[in-house]
1. Rounded to a whole number, what is D in µm²/s for the stretch B:3-260 from Stokes-Einstein with the Kirkwood radius over alpha-carbon pairs (10 °C, 1.306 mPa s)?
2. Considering only DSSP beta bridges with both partners in the stretch C:15-90, what is the antiparallel share in %, to the nearest 5?
3. If we count every other residue with Cβ under 9 angstrom of C:Tyr103's Cβ, Lys/Arg +1 and Asp/Glu -1, where does the sum land?
4. I want the local charge near B:Thr2. Using Cβ-Cβ distances under 15 Å, sum +1 for each Lys or Arg and -1 for each Asp or Glu among the other residues.
5. For the stretch B:1-71, take the alpha-carbon Rg, divide it by the Kirkwood Rh, and send me Rg/Rh.
6. Taking the Cα-to-Cβ direction at C:Ala15 and at C:Ala236 and moving 7 Å from each Cα, how far apart do the two end points lie in nm?
7. For a footprinting-style exposure proxy, rank B:Thr200, B:Thr193, A:Thr174 by other Cβ within 10 Å, fewest first.
8. Would you compute, from DSSP H runs of 4+ residues alone, the mean residue ellipticity of chain A at 222 nm, taking -39500 (n - 2.57) per run and dividing by the full residue count, rounded to the nearest 500?
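Here, each number is a calculation from the coordinates, and none is a lab measurement. Computed from a predicted structure; not experimentally measured. Counting neighbours? That spans all protein chains shown, and the Cβs are built from the backbone with ideal geometry, glycine included.
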Amino acid sequence: MTANAIWTDVQAIRAKAPLVHNITNFVVMNNTANALLAIGASPVMAHAPEEVEDMVAIASSLVINIGTLSREWISAMGLAMKAAAARKIPIVFDPVGAGATSYRTNTCRELLTLAAPTIIRGNGSEIMALEDSSVTTKGVDSSEEGTAAEGAARALATQYGCTVVVSGETDLITDGSDVRFVRNGHAIMPRVTGLGCTATALVGAFAAVNSNPVAASTHAMAVMGICGELAAQEAAGPASLQVGLIDALYTLGAEQISAMLR
Amino acid sequence: MTANAIWTDVQAIRAKAPLVHNITNFVVMNNTANALLAIGASPVMAHAPEEVEDMVAIASSLVINIGTLSREWISAMGLAMKAAAARKIPIVFDPVGAGATSYRTNTCRELLTLAAPTIIRGNGSEIMALEDSSVTTKGVDSSEEGTAAEGAARALATQYGCTVVVSGETDLITDGSDVRFVRNGHAIMPRVTGLGCTATALVGAFAAVNSNPVAASTHAMAVMGICGELAAQEAAGPASLQVGLIDALYTLGAEQISAMLR
Amino acid sequence: MTANAIWTDVQAIRAKAPLVHNITNFVVMNNTANALLAIGASPVMAHAPEEVEDMVAIASSLVINIGTLSREWISAMGLAMKAAAARKIPIVFDPVGAGATSYRTNTCRELLTLAAPTIIRGNGSEIMALEDSSVTTKGVDSSEEGTAAEGAARALATQYGCTVVVSGETDLITDGSDVRFVRNGHAIMPRVTGLGCTATALVGAFAAVNSNPVAASTHAMAVMGICGELAAQEAAGPASLQVGLIDALYTLGAEQISAMLR
């Protein structure tokens, strides 16, 4: 990963404004839409079974996030994922709270059987739960350290033939063989709700312009971490960090990436 | 349009705190509720078919926004619109993403057949799609320039006997014959999710206190643009602009309107 | 109520990070999740009937808020409340808009019959409507003064054997016999959507670490009011107050509580 390669993707997102179709949770819809707009993408949120296939047909990537799932939304997610697989656009999957209830873990597995994801992004305990049903998660914020979940991430990547991103103090990205790390980020970020979901949405934007899923994921996580650090320099707490993070995604320049990439 | 006439409406909203009943999308609910509270109105969000008619019965205006529509919400929107038409309170309709999927375009047409709207507000491509099914929209953010959609806006206004507002760098407001323009606003505003929806909600507040729909729409769009400009003076990016916009709606005074109205 | 007792609860929340399970409304989900994270709790939002009992099984308290209710959500609320009662974890209930429609008032009564709440928090008109069906509420923001609703609060507390919190310029907390008051807060707070819902969620966090419901409620309301005052010192309007309030929940220290508690 070089700062230049990250910047090339950012410029491509700003130039092409790829349409990122999100079926995501109620808690984060506003923030993820704003993060996508700020980085230069064009977000759309649509979940009606009657229209998700038509929306996928004009989208450049699909982001599925099960944070506040229910029966009808799961149907729509399945339809959208199959349509995205048929069109060969990237599918980014966020198993929020996998392991917290069997409903979440089982729903993830059913959806991933319908259409192979391009990229799965979760925290350590979610990735471990998805790989092994014996792992339990406390709510949606528990997280094993990124590197501790390396074995589960590799196995999951191999199982679905996809890239797996494990968020943590150090992010881990793997396609089952290669492993990369992103060390940017700030300790206050886990105190803002849905920043993991924002990371997933940004991965969707980067995957829309970069056909290498490991590179797209790594670049997105680095941008997320760098903008989090930029925001933390000015923030008085988690709410002002959220505001500053979106602002930083909008103003991010090449020289900031070069200077801050770890 | 004069600054005095705008200020008269703002004062009326602050004095009467009209109840604005919103059936709107998940992405913007928080922001539109806050915008309505900031300008002085009293927002309520309610979408259960079992209660929307009772809520309309105590409301001063109804705002319908199809941004994240689904079957049960559409039923509720229809019930609410018929109840509002029966009570003769203003109905403001936002066809978010019309033209992006046929489900959205068709749903708009069905709803508008159930009860004639008082005001329709959309961006250029949405208004053009609603008027002519051959137009397609990319997601929810595409926009033909306001003035380019003038023909469609006039035709739509005539078809439904309503006022049509086309948002853009210059906003266009027409009842089918007269055309007015609002030139306030700032280039960063389209990078904040749901500011179009906020504009629609503000139109609902102004229509609750001003029985002339063209005047109410024009005043609301001018206030939106002025507050966006005020926020842009301090904003470091789209998220701080969103914060500043709500603050500006709360602090807006007569002298600011006079000084900034274009 | 002493500053020390409040601080003891804050420290317990930060040390234990209790999982607070929220079934709440679309308008406030993001803000309440952020408020809970900021004070140190771990929020989860889950509403599928298939999983709410499993989520309650790992939660330390349950918060039910009917702000944007609909049929399927009511079923889930009932299931969750019965599961919480069986596990004897605190149930905090927010009757948003009770009295505005009979659907809301009746739904509240049905839910409260399924499982006795530990704490009910509402504004004056909601508490009066819940106690007496002849009271009507204008939308969701109307409020009788806290103290004016004292009779209704006492009666409701006695009826359900619970603690009742009435928000207002002065908050009132009663278990039917004792009555306590919280005088912190700021006049701009009612201009921010959902701060009542945030107060309810905070009550859920405090009830998770303090087994005395009157004390937990009183401490939560004092923290809410103090953080609102801290935010108001810097705020330019309601949106920056919302940001500052979350930041203040995160940075709140013992000395601020001591200095500001009224």
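1. 90
2. 0
3. With Lys, Arg at +1 and Asp, Glu at -1, the net is -2.
4. Net charge in that neighbourhood comes out at +1.
5. Answer for the stretch B:1-71: 1.03.
6. According to this spin-label approximation, the distance is 4.1 nm.
7. In increasing order of surrounding Cβ atoms, one gets A:Thr174, B:Thr193, B:Thr200.
8. -16500 deg cm²/dmol
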